[in-house]
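**Student:** Structure in structure tokens, see below.
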């Protein structure tokens, strides 16, 4: 009998845990506080955005999408403009979302056969890295039984009981699960896959006694206004208790110690211990950090034909600014082998896309995006970064849109504008808001030509 033995405390940078909560703050200068505020905000922004989502799905019981931990909240219809928990949501798949709480014991994930339907479980740690995948591309179409193990698990597992053992660096893990849906008329088929998903505590799966539950956590209520102030560091101090840091993160963690952000189960940040000058400097640092995040978030990659092609997302290392800029623009992005996300904020002439104008996106014959999954073009309001409400309830358009019509030469044209282009063209219309907008081309399971940047999208042309 083969045993896979897992021990607690995966290799981690732990030196920062020994800092005393009574850190000497008297010698903290405004300049140092300002820089710590900036660096700390950039370092922690993605984690706090992640917490915002976890709070809505798994903590705040009055949330319309609340399901608790280790229990899926199934979205039975594609997202529409009423969904505001995550910026830049997709409209191509049904989401099944929860956060795994791995503090007490591992979680067994059972997936039914998914057939020809695209399916993926994206496992995201608290820093928003994609550390594993289950689904069509990674584990196949036949389903399976997988066990998700937290960083503090001390037990042993029989390797033959599971198709794969997945070890998480965080005690809380987002399970961003996508089941492809071919329009609202396909909802029942996609729901059948969702209903076959099972999340089972390891003790229940093995028929053993449940371990002693982990202590309850006094979760901070998420306040979007508070996280733009120095109260941001209250959230970060809490979050760092749940994640195993990288070996090369000692530098930023050491700086955060200087203001009492400790992690490791020690609640150290107390804003009232700082005088007014230091508080002001920390806030200035936060404001500067947010400006950097927003600037990069609005221009994430190389621009070609008006489209921004971002560097690979999903595993960010210590590039905290890029990590946070991605979280600002669209949280829970796939890794490139699972999906690519070219984004357009401008037209062929470099002018910002605006609903006051009209545009055409034309794919010449044989030049549609090369994918093994599917592709779509989705519209977002630049201010809210959410889907755009419109009279025909169309938020995305792509290769599965039944109304699409090709030109006589086999080319495909999309009409991107605020008002209908008329009955003959409405099947190819992607409605825009009255003001600024951006669009994302999602390419699921891209082929080699896209991954190697050999295929490029055509520019969006302004016609009026």
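The values are calculated or read from the model by the stated rules, or taken from the named source; none is laboratory data. No experiment lies behind these values; they were computed from the predicted model shown. Reconstructed Cβ throughout: ideal geometry from the backbone, glycine too, with neighbour counts over all protein chains shown.
**Student:** Could you tell me whether any residue of segment 48-68 is modelled with pLDDT under 85 and more than 29 Å from residue 319 (Cα to Cα)?
**Tutor:** Within segment 48-68, not a single residue is modelled with pLDDT under 85 and more than 29 Å from residue 319 (Cα to Cα).
**Student:** Follow-up question, since we're still on this one. With crowded, with 20+ Cβ neighbours inside 10 Å and either outside the structural domain of residue 138 (by TED's automatic domain parsing) or touching a helix residue (DSSP H, G or I) at 6+ places or on another chain (Cβ under 7 Å) (or both) as the only criterion, which of 114, 93, 104 stands out?
**Tutor:** None of the others qualify; the one that does is 114.
**Student:** If you scan segment 325-349, which residues turn out to be touching a helix residue (DSSP H, G or I) at 6+ places or on another chain (Cβ under 8 Å) and within 15 Å of residue 301 (Cβ to Cβ)?
**Tutor:** Passing the criteria: 325, 326, 328, 329, 333, 336, 340, 343.
**Student:** If you don't mind, there's one more thing I want to ask. Could you figure out which of (1) modelled with pLDDT of 95 or more; (2) surrounded by 22 or more Cβ atoms within 10 Å (Cβ to Cβ) isn't true of residue 341?
**Tutor:** (1)
**Student:** Right, here's the next one. I'd like to verify a number: residues in segment 164-186 that are in a loop (DSSP other than H, G, I, E, B) and at pLDDT below 95, how many?
**Tutor:** 3
**Student:** Yes or no: residue 140 outside the structural domain of residue 326 (by TED's automatic domain parsing), surrounded by fewer than 17 Cβ atoms within 10 Å (Cβ to Cβ), without any contact (Cβ under 8 Å) to a residue 24 or more places away in the chain and over 30 Å from residue 224 (Cβ atoms)?
**Tutor:** The answer is yes for residue 140.
**Student:** A follow-up question, please. Would you call residue 308 farther than 24 Å from residue 38 by Cβ, outside any loop (DSSP other than H, G, I, E, B) and outside the structural domain of residue 135 (by TED's automatic domain parsing)?
**Tutor:** yes
**Student:** Give 372, 381 a once-over and let me know the one that is more than 20 Å from residue 457 (Cβ to Cβ) and within 23 Å of the chain's Cα centre (by Cα).
**Tutor:** From the options 372, 381, the qualifying one is 381.
**Student:** Now, a different point. Take the residues of segment 399-425 that are assigned to a loop (DSSP other than H, G, I, E, B), surrounded by 14 or more Cβ atoms within 10 Å (Cβ to Cβ) and touching a helix residue (DSSP H, G or I) at 6+ places or on another chain (Cβ under 7 Å): which is modelled with the lowest pLDDT?
**Tutor:** 404
**Student:** Of all the residues that make up segment 120-134, how many are closer than 21 Å to residue 326 by Cβ and part of a strand (DSSP E or B)?
**Tutor:** So the answer is 9.
**Student:** Next question. Check whether at least one residue in segment 266-275 is surrounded by fewer than 22 Cβ atoms within 10 Å (Cβ to Cβ) and within 24 Å of residue 388 (Cα to Cα), and report yes or no.
**Tutor:** No: segment 266-275 contains no residue that is surrounded by fewer than 22 Cβ atoms within 10 Å (Cβ to Cβ) and within 24 Å of residue 388 (Cα to Cα).
**Student:** While we're here: Since residue 362 meets every condition but one in (1) in contact (Cβ under 8 Å) with a residue 40 or more places away in the chain; (2) in contact with a strand residue (DSSP E or B) (Cβ under 6 Å, 6 or more places away or on another chain); (3) part of a loop (DSSP other than H, G, I, E, B); (4) surrounded by fewer than 19 Cβ atoms within 10 Å (Cβ to Cβ), which condition does it not meet?
**Tutor:** (3)
**Student:** Is there any pair with a first residue in segment 337-350 that is closer than 22 Å to residue 121 by Cα and a second that is at pLDDT 95 or above and in a loop (DSSP other than H, G, I, E, B) whose Cβ atoms are under 6 Å apart and which are 6 or more apart or on different chains, and what are they?
**Tutor:** 342/457
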